[in-house]
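What follows is a single structure, written as structure tokens, with notes after it.
The values are calculated or read from the model by the stated rules, or taken from the named source; none is laboratory data. The structure displayed is predicted, hence computed values, not measured ones. Cβ coordinates were reconstructed from backbone atoms using ideal geometry, including for glycine residues, and neighbour counts include every protein chain displayed.
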Amino acid sequence: MKKYLPFAIGLIIALASISFGQEATKPAASPSPKPKPAMSKAQIQKNLAATETKLWEAWKNKDPKPFKAWIAADVVGIGEQGITNKEALLKEIAAGGCEIKSFSLSNWKLTMVSSNVALLTYKGTADGTCGGTAIPPVWASSTYVQRAGKWWAISHQETPAK
């Protein structure tokens, strides 16, 4: 057995040098599309503020279609009447219990919770009534989540402004 030990060691060294001496194979480059550049925080705020404005316009016009297009199926709405879901929100918009002459949105602020979650806060003022009662100015927040490249409203909350 001792006479084969030098032969075995020599064989191992020879095989090791052959394997380390080989050139590493490089994977073939795949022709994948270039990723979209990430939007800046300012661009995200501009886009989400435009979406919020469209939703307020739809509320004014009693049109649930933009809400169907922009709010997530698992949306949570929080207001004076409590907590609501998408189905109840769409019914409320279509029922049109509010008469809105005009509205304005201001004091926009965007907080990025993560790369695909954004919290948009602002002040909303509406000239109109809901159920015969004047609508007070509100501080509002909407949380958006990006899914499959689209920003979806997943939560909305309003608090009367003082």
Of those in the stretch 65-104 that are polar (S, T, N, Q) and free of Cβ contacts under 8 Å to residues at least 24 places away in the same chain, the residue surrounded by the most Cβ atoms within 10 Å (Cβ to Cβ) is T84
In the set T125, T121, the lone residue that is among the polar types (S, T, N, Q), touching a residue at least 12 places away in the same chain (Cβ under 8 Å), touching a Pro at 6+ places or on another chain (Cβ under 7 Å) and within 29 Å of M39 (Cβ to Cβ) is T125
Filter the stretch 37-64 for residues that are modelled with pLDDT of 60 or more and assigned to a loop (DSSP other than H, G, I, E, B); the one that is surrounded by the most Cβ atoms within 10 Å (Cβ to Cβ) is P64
Of the residues in the stretch 74-121, those that are in contact with a Leu (Cβ under 6 Å, 6 or more places away or on another chain) and within 21 Å of N61 (Cα to Cα) come to G77
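Looking at T129, T121 in this structure, which one is under 13 Å from K109 (Cβ atoms) and part of a strand (DSSP E or B)?
Going through T129, T121 in turn, just one is under 13 Å from K109 (Cβ atoms) and part of a strand (DSSP E or B): T121.
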Pairing a residue in the stretch 132-156 that is touching a residue at least 40 places away in the same chain (Cβ under 8 Å) with any residue that is exposed (fewer than 15 other Cβ atoms within 10 Å of the Cβ), where Cβ atoms lie under 6 Å and the two sit 6 or more apart in sequence or on different chains, gives V145/V117
Expected single match for of a type in the set (V, I, T), part of a strand (DSSP E or B) and surrounded by 13 or more Cβ atoms within 10 Å (Cβ to Cβ) among V145, V113 is V145
